[in-house]
Structure formats: C-alpha cells, structure tokens
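Working notes for the structure below.
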There are 2 protein chains.
Amino acid sequence: MPSIQRPRGTRDFGPEEMGRRRYIEGVMRKTAETFGFREIMTPTFEHSELYTERSGEAIRNEMYTFKDKSDRELALRPELTMPAIRFYANELTHMSKPIKIYYSTNCFRYERPQSGRFREFWQFGAETIGGGEYEADAEIIALAVECIRNSGLKDFKTRIGHLGVLRALLKDMDVDKENQSKCMQLIDKGELNELYNILGSIVQSEEKIEKIKAILDLEKSNTIPSKTRDIIAGCEEAIKAIEILERILTNLKALGVKEYTIDLGIARGLDYYTGMVFEIDVPFLGAEKQVCGGGAYELATLFDAKPTNSTGFAIGFDRVMMALEKKKTRIPVPTLVAYVIPMNENVKDEALRITTNLRRNGISCDIILMDRSISKHMKHANSLKAKYTIIIGEDEIKTREASIKNMESGEQKKVVFDNIAKHLKESENTDIPRE
Amino acid sequence: MPSIQRPRGTRDFGPEEMGRRRYIEGVMRKTAETFGFREIMTPTFEHSELYTERSGEAIRNEMYTFKDKSDRELALRPELTMPAIRFYANELTHMSKPIKIYYSTNCFRYERPQSGRFREFWQFGAETIGGGEYEADAEIIALAVECIRNSGLKDFKTRIGHLGVLRALLKDMDVDKENQSKCMQLIDKGELNELYNILGSIVQSEEKIEKIKAILDLEKSNTIPSKTRDIIAGCEEAIKAIEILERILTNLKALGVKEYTIDLGIARGLDYYTGMVFEIDVPFLGAEKQVCGGGAYELATLFDAKPTNSTGFAIGFDRVMMALEKKKTRIPVPTLVAYVIPMNENVKDEALRITTNLRRNGISCDIILMDRSISKHMKHANSLKAKYTIIIGEDEIKTREASIKNMESGEQKKVVFDNIAKHLKESENTDIPRE
C-alpha cells in the first residue's frame, strides 16, 4: 500500500512535536484547574441537527457528515460549545451553579486546507454556565488571557467589547431581527460599505446611522471612551451594556488583567452571543492572527432548559503552537533521564534489573539489549536526549558500582547500584537541564 | 431542540468521571514514559483502504465511513496500529531504532451497543518498531502489565504464547496459508470442533492433528510444559518459537514480571501477528474480560518500508475503568483546594485579589461574587469538594487576616493575607486528604 498517505488537511504528530503540544496543553489545563474549572468530554460526532438547526444549512458544507445504519445523519463536531450545552441541558442541570467546565480536544472542518487551517484541529475552551452576569464574564476573559500568557506567548492583544451597544442602536433604528444579524455579520467581517448601504436603504434617520459609525470609529484604548455615553444617550439598553462592561473591567483589574483594548465594534460571527464579547490576536500570525474568541451567550433554552447566563471561549490550540514555534519559544519538554548500556551478554540481566528499579522509582529509563558498539549506544542515547548514561560492565558487576555519565557536562561518577535512583533524583534537581 | 440527545453508543463524560479517567490515563502515560516510550498522534480518520486492503472488506461493516469531496472514502479509525505503521513508513524510518511510541486516544466501531462496548471507545497502546526480537517483546509485555497494575487493578491474569508453534505445526501438515489463517481464527474463537472438522478433511495424518490437540490441551502454568518439546520434536520452526519464548521469559523475570500463564493456544484474531502473542484478562468482567491484547507483527513492508520487527499492545481503556469502578477502587483525583467567600460587597475586590494570588501560586481556587448566604456558599464549596474555605469579611480586611477553615477536620485558623498561599501549600502536605 505505498500510496496510502494520511488524508489531506490532517496531520501526524511525532514524539518531539507531541511532547511540545502536551506540555502546552498541560499548562492550559493546569491554569483552568487553578481557576476551578473541570474537564468534560462529549462524543466526537453528534446528530447533524445539533448544528444545522441553530446555524442553518450553510454549516453543512463545512461539516463532515455521514449516516448511521438507521439513516440518521451524524456530523464530526465542528466546535464544542453546542455539545457542552446539549450535555448540560440533558444531564447537568442538577449541579450546583455556576458550573465551570473546560475541554481540550479535536474538531473538524471541511475547508480548503491552507496555512494555519486544518481539517482536524484542536481547541482548548471553557464555559461557565449559570454564573453572575459580569463576574463570570470577567473570570472567563482572565482565564483565556492566563492560558495564553502561561503558554509563553508574549505578543498577544486582547480586545473586549459588548454586543449590547450595537444591537441596541440597531434595534433603536427599527432594524428587524434578520437585518440586525446581517448587519452584525458585516461588522464582524469588516465590510462596512455594505453595512452602510443596507442601513441607508432601511433606516430613514441619517443621524441614527451616524451613531453606528461613531461607535465603530471610537478611539481604541484600555478604557471606555467618555464619548460613548454621549453617542448612546437615551438608548437604555446600550447604557445597560456599558454599565455591565464597566463592572467587568473593575473585576478584571482585581483578577490581574491589565492589558486590553476596549472595542465596541466586536460583533463575532455567531448569532448566539448576547453580551460581552472578546477576541485575542497574535498580530504576527497575519491572516491566522485570531487565537481566541468568546463571550456571553444563551443556548440552554434551545434544549428546553431554563434560560441560563453562559459565557465561554475557545482557544485555537494549533495557532498558539504555531505562534510559539515562530517565536522559537523554548518549551521545556521532559526528555529521557537515564539510558543503561550493558557492555556484554553476561551483564544484561543485572542491567535490566537496574532499569526496572529506576522505572519503578518514576525515573524514565531506556535500555537496548541488542549487541551494539558503545559509540552506537551513545548515538542512540543522544537521539533520545538522555540526560545520563549508565554503563554496566563486568567491573561494575564486581564492585556493584555503575559508571554514570552526565551527557551535558561530560562528568562521570561511580555510584553503588542501590543508590542509582536516589543519586539521579538528586542530580536532576541540581544539574543543568538538557535543552 | 429538546429531542437532540447524543448519538447511540457514545458517551458524555462529566467532571467527576473525567477526573477519574484523566488520572488513570496519566498513570499509564507516566508508566510508558518511564519505560522510554514517547507519544505520537495520527488523524481521527484515514483513507478506508488503510484498513480494508489488509483486513478485507468485512471490516467495512464495522467502520464509520464517509466520502470526501473528491469522492475518496474515509473511515474513522477502528484501531491504531495500522496508522502508527503508516506514519512510521511515511515519515519516521530515519529515526534511531528501536522506535518506542505510545498513543492514548479514541477509536470507533460501528457495532451493536452493549455492556462494555461503545461506538466510540478509548485505547492506550504502545508499539516498538525495529527492536530486538525477544527483548522488545518482553519489554512490551512488562509495560502492559505495569500500566494495568499501576492503574490499581489487582485481579488480572496475563497469558503469554507464541503463534509460531501452532503455525509451524499447521505448515508441517501442509495446510495452505488460507486454511492456516482460518484455523487460527477458529482457535482464537475457541471453536475447536469446527477446527478439527476442517483439519480432518484436509490432513491425512491423524497423528499430526493430535499434535495440535496436544498443544491446545497443555497444562497452563508459568513455565513452558516439558511435554511441549516432545510434541514439537522435529518441527524446526516450532522449536525456534519455543526458544524465543524462553528468552522472553528470562527477560520478563529481570523486568520484575512474575505472574503469568503460558498458553501456546493463543491465536489472536488478526492475521498480522507473527510471533509472541499475549492477552490480559480481568475475569470478573465476564464477556468483556479481555482488557489488553498484543504481540509481535510485521506490517512495515505493506507500506514499502524494509521488513521491521515490531511488537505492541492495546489496552481497552474503558474496560479498565469499568473494572476499577466495579471494584470501587479509590482514585485519588485532585479536588479544589480553596473556596473564597466574600462576606459583602465591600470586600469583593480584596477577595478577588487573594483568589488571583492563590491561582498564580498554582493553588486551585474558586470564588462566587453573587450575593449568597454563608450556608449556600458552604453547600457550593462542598459540592466542589473544596479542602479549605477562606472567609473574607470586614473584620478580616481590617486585620489583614483571613479565616481559613479545613472542611474535613472543621479546624479554623487565622492567617495573614500575604501568607495564605504558603499556609495552604504546607497544610496540603500535612492535612489528611479529602476523599
């Protein structure tokens, strides 16, 4: 089967890359857990309706769909918020609220493969279901920012807004729901000419359209521009949105998040957002710069559960990895600690016993029993980035002392067999780590 | 969408269950890494041919298949050995050998859902590619046994055999390849009447058929029965198989694996096994008792790579979890360390700052800012199994000392704000863990 390659748009991850990915994933997990979020997992495929009923048939073109034997259509999940809320509505409504959950897994989109976009890709995300309106929003932003900061990425920009301002202004101009959502999508895509064309054709008051322009033109800084209040004067819902945003920012300060830009023009592509929205960009990634998006939403009622404030985000894990690699960020992936070299046939049993003892002490240890020259052994130990080699020969068996070599410094020591585990544990804490 | 449930045969995992699964998965990962194995990951779907060309069209009925836009058939992976070897042949042949890899991920089989069998299920497996014939086999068995033992499972049975004995005897009777593989499948399923019917119809010598019977009837113990040599006398390939098995057992002893049964009747269902084979059962699971299967195989040549000794196993992760749950094995999943309770509006900012400080010190900490009675707070803290609650009220702000309560012992202490992280880290090491 020489022609069998992996499918287009997918990837194989080898040991080195996988080590880096798991390390960064571990950092994000640990961060979410310190915030009190706990992991959930939903199936890799769902009934297609879970996505098509809410997002329309258009999404079908981007989904991998197939039929089960009872002819019901299934789809590989394109995202994880809908399954999380389905799970909540079906089984978790009894839990003490707020429910704080995270996920770290793969999604699928059937789009043209291109730089930074894959047909199978990974998301790290979190949702707070049933939390207080502004406090859960602030915490979700803080968690997203800390996940990305803790990954080691420095050059990222957080933008925070609230959909309520634009929505309230549109509503105030008597734009109907369908056109509201069309306008929000145009704003999200930055297609402002088309936006003003539509508004011009349905709204009489030029003055009201100017308010939308004024909001989109607001100076971007880390405070809500004082002008905002003038623009939205008299529009109660917009004023309420600004008040919530102000409380979110107060909380963010106490949560230690100081660097962000207020952007009341963030519209997000999806209809289900209802309040705070935010995005995190890594500008040097160009077209793939957005590494995180999120906000407040309401989806529980879709599944016949009670209306529930929810807020969440998803980080594009592959893009974070891409950014870290572009910046050549050092990721301290643990490598093999010990590589045992038996010098001949007679010492193999003892060498295996030493290996087993190290492994049972939690020390990663490899051994090759095939007859190899010492230089071949050293080459293999180097390819595994082993920190120490342990030579066991006839002399070592006689004296019950192994020769341990630090592969970084070249330093060699004799250590009695029974103390090797202890010695390596102590050395690991004092010796310079191997890059 | 009240009717949208998860698809049949799939599962949602909530925070508690997911915590237990990740803990046990972590134990297996750690074990594999101490053995010098490193993780790889391949795509969730592959071209269908990867499975059908080797295993025949029959496997198609058990696979989830779908077409991509260029009309090529894809399949959700039913297992992970074929993708691992495809990956090796395509991209990893340059690596220093042996290549020791592991995987921990999901697979899919379209079978009738029943107890212990799911359409989406998890496997933890390992492969050694290009290792020495008996040493890699011994190490693979030892790794599988240690993964299961370290999970906390006690009542498991390991059976070890070598396909070479039965294969050589069948070959010696001039049974052709197709019938050899049919016979091996019957042996695997335990359908011995059917086996002897077939052999009776194609083999003249009753005496030779008796040898197969004798091998299958051998007493099961932890040594190769001395009778074996008599049965296979004169059959060179069978003798060689027994010699390899003897060397594997010698190595297993040095690797600390002592409990197993020799079973020369293990045939395994799949054609690609070539030598040592082994299975691990948990008898109290009944029909789903097999939790691990593996052995030596050769697949690299299928992908036009050089012939390469390979050996590996796959653990049915869900069955291990099922066994641990049936035995009510305690799984020490970490729970929330601290739950901060702000007593009123004025102290919320300080409470958030204390929370942020604990989180940044790696201590999991939750806080709810919504106005709640102290008893409601305590109830929520209990539902999260928090180890400590930290009360911040007006008095605490004045004295800069928080009231910390150990939720297990009920003991309360005053700790100055700046020392809370240090205090909790020390207490965590000395206080009794919360179940």
#### Entry: Residue tally, condition closer than 30 Å to residue B:16 by Cβ and free of Cβ contacts under 8 Å to residues at least 40 places away in the same chain, over region B:282-321
4
### Subset of region B:372-388 [assigned to a helix (DSSP H, G or I) and touching a residue at least 40 places away in the same chain (Cβ under 8 Å)]
B:380, B:381
### Query
If you scan region A:42-54, which residues turn out to be over 30 Å from residue B:95 (Cβ atoms) and either facing chain B (nearest Cβ under 7 Å) or surrounded by 19 or more Cβ atoms within 10 Å (Cβ to Cβ) (or both)?
A:42, A:43, A:45, A:46, A:47, A:48, A:49, A:50, A:51, A:53
### Any hit, region A:131-141, residues being free of Cβ contacts under 8 Å to residues at least 12 places away in the same chain and either within 15 Å of the chain's Cα centre (by Cα) or crowded, with 18+ Cβ neighbours inside 10 Å (or both)
no
### Unique match (being in a helix (DSSP H, G or I), hydrophobic (A, V, I, L, M, F, W, C) and within 9 Å of another protein chain (Cβ to nearest Cβ)) among A:424, A:369, A:352
A:352
### Query
Of B:62, B:73, B:17, which residue is more than 7 Å from chain A (Cβ to nearest Cβ), under 30 Å from residue B:336 (Cβ atoms) and either surrounded by fewer than 22 Cβ atoms within 10 Å (Cβ to Cβ) or of a type in the set (S, T, N, Q) (or both)?
B:17
### Query
Does region A:34-41 contain any residue that is more than 10 Å from chain B (Cβ to nearest Cβ), out of contact with any Lys or Arg (no Cβ under 6 Å at 6 or more places or on another chain) and buried (at least 17 other Cβ atoms within 10 Å of the Cβ)?
no
### Message
Here's a check for you: in region A:152-188, which residue that is in contact with a strand residue (DSSP E or B) (Cβ under 9 Å, 6 or more places away or on another chain) and part of a loop (DSSP other than H, G, I, E, B) is farthest from residue B:14 (Cα to Cα)?
### Response
A:156
### Task
For region A:147-188, enumerate the residues that are loosely packed, with under 15 Cβ neighbours inside 10 Å and on the phi > 0 side of the Ramachandran plot.
A:174
### Query
Inside region B:372-383, can you point out the residues that are surrounded by 15 or more Cβ atoms within 10 Å (Cβ to Cβ) and within 7 Å of another protein chain (Cβ to nearest Cβ)?
B:380
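Conditions (1) of a type in the set (Lys, Arg); (2) over 20 Å from the mean Cα position of the chain (by Cα), marked per residue:
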residue: A:257; (1), (2): no, no
residue: A:315; (1), (2): no, no
residue: A:324; (1), (2): no, no
residue: A:331; (1), (2): no, no
residue: A:339; (1), (2): no, yes
residue: A:342; (1), (2): no, yes
residue: A:355; (1), (2): no, yes
residue: A:360; (1), (2): yes, yes
#### Entry: Members of region A:81-98 that are surrounded by fewer than 23 Cβ atoms within 10 Å (Cβ to Cβ), among the aliphatic types (A, V, I, L, M) and more than 8 Å from chain B (Cβ to nearest Cβ)
A:89
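Values quoted throughout were computed directly from the atomic coordinates according to the rules given, and no laboratory measurement underlies them. The shown structure was predicted, so the numbers you read here are calculated from the model rather than taken from an experiment. Every residue, glycine among them, receives a Cβ derived from its backbone with ideal geometry; neighbour counts consider all protein chains shown.
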